[in-house]
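Contents: one structure, followed by commentary.
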Amino acid sequence: MSHRLLYLVPLVVITLAACAPAAPGGSSTDQGRSVAVDQSRTLRIVARVEAPSFAEPGGASKVAIPLRMSTAGLAAKDSSETPYPVLAETLPQLNTDTWKVFPDGKMETTYRLRPGLTWHDGRPLTADDFAFALRAYKVESRWVTSPSGDERKSAPFMDEIVAMDPQTVVIRWARAYPGATDLAFQPMPRHVLETWLDQDDPDAYYSQDYWTAGYVGAGPYRLARWERNAFMEGTAFEGYALGRPKIDRIVLTFSDRPPTTVARLLADDIDMAVDRAIEFQEASTLRQEWAARTQGRFLLSPIQLRYVQVQARPVYADPQALLDVRARRALLHSIDRPSLAEAMVDDRAMAADTMVPPVVGYYAAADRAITKYPYDVRRTEQLMAELGFAKAADGILVSPSAGRFSPELGGLSEGQEAQDTTIVADYLKRAGIDARLNLIPAAMRSGPQADEMTATFPALNTNNNSLNPPMLALEKFTSATIGTPTNNWRGTNKMGWSTPEYDRLANAFTATLDSKEGDALMVQMLIMASNELPALPLYFNFSVAAHVGSLHGPEAASPSSTLYYNIHQWEWR
């Protein structure tokens, strides 16, 4: 039996509207007198996928249900990527007694827990639960094929967690770890799991009721009921560290059919759709009727960058002109990215000038400093002229020595990828670039030969880049991540582009503990990427959430945050 702990645990809260009708609520007046809004009105949410359990394979990659609804960690990030304490009273501060860095490169961070913390079952939550969690995560790492989540990412860098007293957590790190100031490390209930962990039997450990209907967490909502393939129900947890949630009860149902979700919204059968329960197309439909009638809101959370990879290895690059930055700049000037974003995600504002979205805190500084390439086919022609290319009688750019400028543009042959790749090819052709479209099935992008194929493409290739965390978008330009025969082509830098200065900035970012210094380094990397254009940013994909206007509090999520970070503050108005 294979096991894999969930990161985005679907511990939320739920019940089929048909099974449990919501209590009435909302603003009203009674003979001219104002009536308080009834927060006992059930919040009815629909998500696309139901996780099989809190510890089943594949759940983390398939489900994006509220991470913080039933769980809580030392810290979290808000919608602007700003960290704040949750179970901890305050966050550690560098060069103080709460965050010590030692000459040997190791460090120690201290977190004081909020007083009176409890688990959902009423048992005290103490520093011992954090020490136990590290032990559990390290044991589980022997059982779990691909651990995910902040806890499992940070745990390998921890030597130990010591409970100095019931409220004091001391983490001793094997190396410097920049994420200590926003560490979402979650405790695990020692009183529930220790006996089973000590048996060193993964089957017995993961078969416990804890991982299903008996889950015990410390988040804002307590799992009250879970009817498989039907609903989950959660009730407000009185002991939540940041205060009791304002809405008493939340119900989550599931549907992987967006038209069904639209019908339920139109019928007032649900209040909110999240986690790809609706897509871009459905949002357009809902704007016409549902949003106007309910004052409904749409929240667009950037989760992915669509971009064009440019081959940087001279041995593979064809045409060789792509190795000159002027050709790459000419390419980007030839693409009307706002119109492309409007066609693909119905929002011109999602056009990308750089590799990170506007929601990150340092975006304003980057936006002022980066080089931008507005849609301008005249500028495309000027730049190509500097390389010796001029338009022939058929309008295609030609060089006496290099011939027609005819780069291959690759992409997937299905869905959105095929559509936007075709649109990009059309823009290139309009500008005199004889783009040769090569769409291949997604199945060809998997298997032992796929890594080599995706690293040795001849010219241009459309692709997606995760934005969680934003640094992932920039790691793909470092020398250390280049795919080569020696690493079986598995590096994430498929373009093969790198420079010593960019590597220096990336290495400095990894070693920087001060968040302001880290932001400044990110801006410098973004400036370099905009000047050299190892890849061409197109637009941001986003997840769509929608909710009725009487629900106040939800905000679009940043890449490192979730839609639900402040769910305890949501309320009916």
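Quick one: would you say W196 is out of contact with any strand residue (DSSP E or B) (no Cβ under 6 Å at 6 or more places or on another chain) and either of a type outside the set (F, W, Y) or farther than 30 Å from V274 by Cβ (or both)? Judged against the criteria, W196 is a match. Give region 377-386 a look and list any residue that's crowded, with 16+ Cβ neighbours inside 10 Å and not polar (S, T, N, Q), or say none. Passing the criteria: V377, R379, E381, L383, M384.
The condition of being within 13 Å of N541 (Cα to Cα), assigned by TED's automatic domain parsing to the domain that holds Y427 and among the basic types (K, R) holds for only one of R276, R348, R328, that being R348.
Has region 438-448 got any residue that is of a type outside the set (A, V, I, L, M, F, W, C), surrounded by 17 or more Cβ atoms within 10 Å (Cβ to Cβ) and part of a helix (DSSP H, G or I)? Within region 438-448 (the criterion being of a type outside the set (A, V, I, L, M, F, W, C), surrounded by 17 or more Cβ atoms within 10 Å (Cβ to Cβ) and part of a helix (DSSP H, G or I)), the answer is no, since none of the residues qualifies.
Among the residues of region 516-523, is any farther than 28 Å from S301 by Cβ, surrounded by fewer than 21 Cβ atoms within 10 Å (Cβ to Cβ) and hydrophobic (A, V, I, L, M, F, W, C)? Checked against the condition, which is being farther than 28 Å from S301 by Cβ, surrounded by fewer than 21 Cβ atoms within 10 Å (Cβ to Cβ) and hydrophobic (A, V, I, L, M, F, W, C), region 516-523 yields no hits at all. Take the conditions (1) under 30 Å from A511 (Cβ atoms); (2) at pLDDT 90 or above; A435 misses just one of them, which is (1).
Checked against the criterion of being farther than 20 Å from L299 by Cα and either at pLDDT below 95 or not hydrophobic (A, V, I, L, M, F, W, C) (or both), region 249-263 has at least one qualifying residue. Remark: Q320 falls outside the filter, which requires a residue to be at pLDDT below 95 and surrounded by fewer than 20 Cβ atoms within 10 Å (Cβ to Cβ). Of the helices (runs of 4 or more DSSP H) lying entirely inside region 460-560, those containing at least 1 residues that are more than 21 Å from the chain's Cα centre (by Cα) and of a type outside the set (S, T, N, Q) span 500-511, 515-532. Residues of region 561-573 that are of a type outside the set (A, V, I, L, M, F, W, C) and not in a strand (DSSP E or B): S561, T562, Y564, Y565, N566, H568, Q569, R573.
Of all the listed residues (P559, P537, P554, P469), the sole one being outside the structural domain of A312 (by TED's automatic domain parsing), closer than 20 Å to A365 by Cα and touching a residue at least 24 places away in the same chain (Cβ under 8 Å) is P559. Inclusion of P202 among residues that are under 21 Å from L87 (Cβ atoms) and in the same structural domain as D128 (by TED's automatic domain parsing) is not warranted. Whether any residue in region 343-366 is touching a residue at least 40 places away in the same chain (Cβ under 8 Å), buried (at least 21 other Cβ atoms within 10 Å of the Cβ), farther than 25 Å from Q416 by Cβ and within 22 Å of the chain's Cα centre (by Cα) is what I want to check. Scanning region 343-366 turns up at least one residue that is touching a residue at least 40 places away in the same chain (Cβ under 8 Å), buried (at least 21 other Cβ atoms within 10 Å of the Cβ), farther than 25 Å from Q416 by Cβ and within 22 Å of the chain's Cα centre (by Cα). The residue that is nearest to H568 (Cα to Cα), counting only those in region 242-274 that are of a type outside the set (V, I, T) and crowded, with 24+ Cβ neighbours inside 10 Å, is P245.
Among the candidates T98, T118, the residue that is out of contact with any Cys (no Cβ under 9 Å at 6 or more places or on another chain), at pLDDT 95 or above and under 18 Å from L513 (Cα atoms) is uniquely T98. Out of E417, E452, one residue alone is assigned to a helix (DSSP H, G or I), acidic (D, E), without any contact (Cβ under 8 Å) to a residue 60 or more places away in the chain and touching a strand residue (DSSP E or B) at 6+ places or on another chain (Cβ under 7 Å). It is E417.
Residues that are within 17 Å of L332 (Cα to Cα) and of a type in the set (D, E, K, R) within region 384-432 comprise E386, E408, D420, D426, K429, R430, listed in sequence order. In region 410-434, the qualifying residues are those that are buried (at least 23 other Cβ atoms within 10 Å of the Cβ) and under 15 Å from A327 (Cα atoms), and the one that is farthest from the chain's Cα centre (by Cα) is G432.
The values are calculated or read from the model by the stated rules, or taken from the named source; none is laboratory data. Just so it is clear, the model here is predicted, and its values are computed rather than measured. Positions of Cβ are generated from backbone atoms using ideal geometry, with glycine treated the same way; all protein chains shown enter the neighbour counts.
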